[in-house]
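The structure appears right after this line, and notes come after that.
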Amino acid sequence: MVKIGADGEVTRLRDIARVTLGADAYTLRSLLNGEAAPALQIIQSPGANAIDVSNAIRGKMDELQQNFPQDIEYRIAYDPTVFVRASLQSVAITLLEALVLVVLVVVLFLQTWRASIIPLVAVPVSLVGTFALMHLFGFSLNTLSLFGLVLSIGIVVDDAIVVVENVERHISQGKSPGEGGKEGDG
């Protein structure tokens, strides 16, 4: 309410103005390392591969920079694919560590190279199956799914070692490899 007249008539703000909720000013000021700089925000399309988009942008910017004046350069202030790339690297490192540890543990405790073949095959087979199902159901490869892969690699390796050790135990008790395999897996 803005004013009540002598006759009791009420003048409301909506009667003399249009009221909307908004910002104080609609200007944008972008700074990079404390200096004014033009900013360009690039948003990937839904379903697009973030790493492919990032690589394409970097390639195009490197190409465009050749035509920039000498004192002009570009910088990428924020790249969300840094985390995805780190996750991919983490999965690769975890996979290598798991394979090396499987061979060492199995050879050390069971003293046979043949027993290490099963866990070494189980990890890649489970990863191929995982990627196939992810593709089939339309899941993307992102930080969360990569974290899940790191955890599942550990579980697959652990289970494979336990099964191989159990089968070897049954065989050492005098059972045939077929019987040891059936009982060691159950």
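Mean Kyte-Doolittle hydropathy of -1.0 or higher plus an axial Cα length of 20 Å or more: which whole DSSP H helices in the chain meet both? Let's see the in-between values first.
Values: long enough: 50-65 (22 Å, -0.29); 81-110 (42 Å, 2.31); 117-136 (29 Å, 2.05); 143-172 (44 Å, 1.27).
Flagged H segments are 50-65, 81-110, 117-136, 143-172.
Comparing mean-square fluctuations of Gly22, Gly148, Gly129 from a GNM of the chain with C-alpha springs under 10 Å, the top value falls on Gly22.
Test of the criteria: in segment 1-105, which GluC sites (Glu not before Pro) are in a DSSP loop and have at most 16 other Cβ atoms within 10 angstrom of their Cβ?
Values: sites: Glu9, Glu35, Glu63, Glu73, Glu97; in loops: Glu9, Glu73.
For GluC sites (Glu not before Pro) across segment 1-105 that sit outside H, G, I, E and B with at most 16 neighbouring Cβ atoms in 10 Å, the list reads Glu9, Glu73.
Within the listed set Thr20, Thr11, Thr143, the Gaussian network model of the chain (springs between alpha-carbon atoms below 10 Å) gives the highest mean-square fluctuation for Thr11.
Full extension of the chain between Leu13 and Leu151 yields a length gain of 43.7 nm, computed as 0.36 nm times the residue separation minus the alpha carbon distance.
Springs join every pair of Cα atoms under 10 Å in this Gaussian network model of the chain, and among Gln111, Gln41, Gln70 the largest mean-square fluctuation is at Gln70.
Just going by the charge dipole of the chain, with Lys and Arg at +1 and Asp and Glu at -1 on Cβ, which of Met61, Gly47, Val121 is farthest out on the positive end? It is Gly47, whose Cα lies furthest towards the positive end.
For Leu64 and Asn33, FRET efficiency with R0 = 22 Å and r from the beta-carbon atoms, rounded to 0.05?
It comes out at approximately 0.55.
Write out the trypsin sites (Lys or Arg not before Pro) in segment 23-110 meeting two conditions: DSSP loop, and at most 10 other Cβ atoms within 10 Å of their Cβ. The qualifying sites are Arg29, Arg75. Taken about its Cα centre, segment 10-65 carries a charge dipole of about 380 debye when Lys and Arg each add +1 at the Cβ and Asp and Glu each add -1 at the Cβ.
Please state the charge dipole magnitude for the chain, taken about the Cα centre, from unit charges on C-beta atoms (+1 on K and R, -1 on D and E), reported in debye and rounded to the nearest 20. Spell out each step's value before the answer.
Working: 13 positive and 19 negative charges, 49 e Å.
The dipole of the chain has a size of about 240 debye.
Summarising the label geometry, the points placed 7 Å from Cα in the beta-carbon direction at Leu136 and Asn55 lie 2.7 nm from one another.
If only the Cβ of Lys and Arg carry +1 and only the Cβ of Asp and Glu carry -1, the dipole of segment 81-185 around its Cα centre is close to 220 debye.
One entry in (i) 33, 32, 16; (ii) 62, 28, 13; (iii) 27, 21, 19 is semi-axes √(5λ) of the Cα gyration tensor in Å calculated from the shown coordinates; its label is (ii).
Fewest first, what order do Asp52, Asp7 take by the number of other Cβ atoms within 10 Å? Don't skip to the end; give the middle numbers.
Numbers: Asp52 11, Asp7 5.
Going from least to most buried by this count: Asp7, Asp52.
Under 18 Å from a label point set 7 Å out along the Cα-to-Cβ vector of Val125, the amide N atoms of segment 158-172 belong to 158-168.
What FRET efficiency, computed as 1/(1 + (r/R0)^6) with R0 = 41 Å and r the Cβ-Cβ distance, is obtained for Asp79 and Leu108, rounded to the nearest 0.05? Intermediate values should be presented prior to the final figure.
Working: r = 43 Å, r/R0 = 1.04.
With a Förster radius of 41 Å, E is 0.45.
Per-residue ellipticity at 222 nm from helix content only, as computed over the chain with -39500 (n - 2.57) for each DSSP H run of at least four residues, stands at -20000 deg cm²/dmol. Ranking Gln111, Gly22, Leu146 by Cα position along the charge dipole of the chain, where only Lys, Arg, Asp and Glu carry charges on their C-beta atoms, puts Gly22 farthest toward the positive end.
Each value in this text was obtained by applying a stated rule to the coordinates, not by laboratory testing. Since we're looking at a predicted model, the values are computed, not measured. Heads up, the Cβs are rebuilt from the backbone with ideal geometry, glycines too, and the neighbour counts pull from every protein chain shown.
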